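Please treat every number below as a calculation from the coordinates, not as lab data. Keep in mind it's a predicted model, so treat the numbers as computed, not measured. Here the Cβ positions follow ideal geometry from the backbone for every residue, glycine too, while neighbour counts run over all protein chains shown.
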């Protein structure tokens, strides 16, 4: 608490939004393919692991897998894993993971019927309609972390822009300090090197008032592992899987599947490779620490044959998402999906692509929606306006998924009888008393008629979103944090800075 | 065929789109509420019909229902229907309806696992980015009918703009002539008066080379009945239900539900009224002609408490859609949903609202998606650009719903083994040979990177859509029609015009 700055503690009262909550997805997951076909993909993945194998550049991993019975060819770094090893590893994966950040009220569950969201992750650029497009800076990161904190529907941190103005070897320290102080939501860890992972986990432990060892007993962060499809694990990603497992923290095993480029030009081949690479990570993580939390990641899509670019958010990606959900259920693993889109600006295509991606995630029974808010330009840029607009999409989805109460009170037969044929319900006690709460109140969507809308400036949804992120920043309230925790974080950052930070390996 | 105008027969070859097909929805329908709650809504609807009743201004309907055992209060035109009468009527409703227009290849099925689409219906205005917003004219109607014909994903006609430059009493004649010659898809009939219905059905019969009596043996058109919620059937709508049934043609019974305005401010109350009013129409239609085709329409939504306007396309509408699907399945009736949106222009909100509405329709197991293409301004305007953009949404949905082939060929294990870890699939025989067909090819969505997109003009999706409708109009090919059919239509229009047309009653 900083009693000398009372205005900063004010809630963003002017933005009407849903309260913080763990979202529940009541939809029965939608299968796109048959159970037999799920098994066919599973068997194909096993066969790929057994016969083609995975090339892994990290010797420690090869040694561990060889010890576990895998066939390792050191000449070309190829590891072939028998299905018995895979089946053994699958026995210890967890169906549900609870992540607890420094504020236990922001804990989230990945699994069951829950749907959890995280902000956009990784763009080097950011843009807004006031200041234009630019390379990301620490100041931009700070603002986007404030938006992450301000919108309840964003439940975990992403890495909403890369602070390119901070020297690489110190960047993880500065960014993590910002994340841990400006938000109290689950932090993200970039798996870029062993030292960086340890630095960031140590900071996250400090934020929870724990030692690094204590931190490992209770998951509190997460990281994405993007394998180099086809069938390649590079050093940073392999270290990531192993070190996160060692520290008891979850990774989202998400192969970079572009059917027609990194996999055969078929959905089946794409999902076979996706599954094989996920299973490789599962084996590795469970060998390091049985029960280590891992997610079945599915960001599979096709390459656009016209541009050679990934077709983020287009129809075939949604098909992969639905199948990915089926595969994750096959393994009783939590499933990660994404709010992807190819659009460069928050226009109609951006809206429909993102909405489809989010609805497909829900239909797939995904447990984690990555890049839930802010993603444009296929992930190369974060849009402040898109951040707000995506919050609208995800909030709407959350509202859609709430089964309404159906009972004598809500069926309201007496009220209907009293109003009678041809009457209206504007003035009934129920309508008046539930004026503000009965229905979804949009952030940006508007029902003004054309004339009123034109008179109000004729603004597009993206243009209207500008005022909302500005308001969110103006009313941003820093979350409570013990001053001694901040001191401890600063001391750690100072010491590690003095030691030279952590250059990329 | 008009051999003197060969260029007009050319297909719109430059627009890459899905072929004409009957869409199949493989998704298991998504229940939002329990079976018990479905029954609770059903019982509430029966109770409303029994105790509150429906006010119906059409004496002929009151007489028919009185004869069937309903309790009729002529003083306030109230009809109370016992549940036995409702249950009896439900026995004869059809679970599936086949609609056959003049070109039998454009026949569609409403029911089962099929999803059928129709263009936007009813807006008095239209707009495009080249010529701006304007009152609808016969020329605009002609263009929008050409777009309806050009895009395969639009399977039936709507009434894509009202030709306000044609005198009211002749308007149905001019519009129907345009619809029957510029398209060969299922035509729409506006139920505005007994005479108009007969005029239009007669023209549709002529187009099929049939008498009006023959036409009644095989459904070939459709109409929407919007009841005046709560519990009121006016004369045109009641005539519509009765006359369409008499002629064996289907109506979409779609109450105008705005929770908080025309119904209590609860989803439960809204769906109870929706169901009661649909069931009233079911009873009436089945009394006129047992087996008459009818659809369970659900366009239920809330009123935006801030503007007093319907919240088209927002979250609570999607919830109603999911429950509407459950009610329709309860009655084994085909279900009608809509691609609704509140947005005034095709911006981000327009995109996400429409995508959500379409995905919700699919999840609800809807059989007919009305207003599938073109709707803006809450239905008061048709946007040419939105027409194209909506085609993209519906095409994408259709592609998403196609279960991919999963077999030894598509799993492609040999291809993967040959490429090996770290390789790429750009040059494999499969990738090369399926270059154009492997994945969804978007109409408007683009995967260009930011630089290339900027260089290409930095156009929004809506701006890019302009070129596509222009191209569709330029390449429009008039569907085949026998010259004698056109003559017969013209003769009919001439005769009815000479007779003074059909003024609104």
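For the residues of B:42-54, the average number of beta carbons from a partner chain within 10 Å of their own beta carbon is 3. Stretched out straight at 0.36 nm per residue, the stretch from residue A:498 to residue A:289 would grow longer than its current Cα-Cα span by 71.9 nm. When B:375, A:453, A:20 are sorted by how many other C-beta atoms sit within 10 angstrom of their C-beta, beginning with the fewest, the order is A:20, A:453, B:375.
Centre-to-centre, using Cα atoms only, the stretch A:176-225 and the stretch B:194-211 are separated by 72 Å. Ordering of B:471-477, B:427-433 by packing is B:471-477, B:427-433, highest average first (other Cβ atoms within 10 Å, averaged per residue).
Note on the stretch B:377-505: Cα-only Rg and Dmax are 24.4, 79 Å.
Ascending distances from the residue B:456 label point to its copies in the other chains, with the point 7 Å along the Cα-to-beta-carbon line: 3.3 nm. Packing, as the average of other Cβ atoms within 10 Å across residues, places the peptides B:457-469, B:245-257, B:311-323 in the order B:311-323, B:245-257, B:457-469, highest first.
The long axis of helix B:483-498 is offset from the longest Cα principal axis of chain B by roughly 40 degrees. When peptides B:388-398, A:125-135, A:296-306 are ranked by their average number of other Cβ atoms within 10 Å per residue, the highest-first order is B:388-398, A:296-306, A:125-135.
Between the stretch B:308-333 and the stretch B:78-143, the C-alpha centres lie 17 angstrom from each other.
Among B:222, B:426, A:280, a tally of other beta-carbon atoms within 10 Å of each Cβ gives an order, fewest to most, of B:426, B:222, A:280. Using C-alpha pairs under 8 Å with a sequence gap of at least 6, the mean separation divided by the residue count of chain B gives a relative contact order of 21 percent.
With the cut-off at 53 Å, report for the protein assembly as shown the share of all Cα pairs above it, as a whole percent. Value for the protein assembly as shown: 20 percent of Cα pairs lie more than 53 Å apart. Distance from the C-alpha centroid of the stretch B:476-505 to that of the stretch B:387-401: 33 Å, rounded to the whole angstrom. Shortest first, residue A:429 label-point distances to identical copies amount to 7.8 nm, with the label point at 7 Å from Cα along Cα→Cβ.
For peptide B:315-322, the mean count of partner chain Cβ atoms within 10 Å of a residue's Cβ comes to 6. If you split all Cα-Cα distances of the stretch B:133-258 into 5 Å bins from zero, what percentages do you get per bin, shortest first? With 5 Å bins starting at 0, P(r) equals 2, 11, 20, 21, 21, 16, 7, 2, 0.
Using a Förster distance of 41 angstrom, determine the FRET efficiency expected from the C-beta separation of residue B:98 and residue B:426, and round it to 0.05. Spell out each step's value before the answer.
Working: r = 45 Å, r/R0 = 1.11.
That gives a FRET efficiency of 0.35.
Shape annotation for the stretch A:1-147: C-alpha extents along the principal axes are 63, 40, 33 Å, from largest to smallest.
Given the rule -39500 (n - 2.57) for each run of at least 4 DSSP H residues, summed and divided by the residues of chain A, what is its mean residue ellipticity at 222 nm, to the nearest 500 deg cm²/dmol?
On the way: 18 runs with 211 residues, N = 505.
Helices in chain A give a 222 nm mean residue ellipticity of -13000 deg cm²/dmol.
The mean count of C-beta atoms from other chains within 10 Å of the C-beta of residues in B:454-461, rounded to a whole number, is 3. Sorting A:71, B:338 by the number of Cβ atoms found within 10 Å of their own Cβ, with the fewest placed first, yields A:71, B:338.
Among beta bridges from DSSP that stay inside the protein assembly as shown, the antiparallel ones total about 40%.
Convex hull of alpha carbon positions in chain B: directionally averaged projected area 27.2 nm². Each residue, residue B:408 and residue A:80, gets one label point 7 Å from its Cα in the Cβ direction; the gap between the two is 2.0 nm.
Calculated FRET efficiency, residue A:491 and residue A:418, Cβ-Cβ r, R0 45 Å, to nearest 0.05? After rounding, the FRET efficiency stands at 0.10.
Among DSSP bridges having both ends in the stretch A:89-401, what percentage is antiparallel? Round to the nearest 5.
Working: 11 of 34 bridges.
Close to 30 percent.
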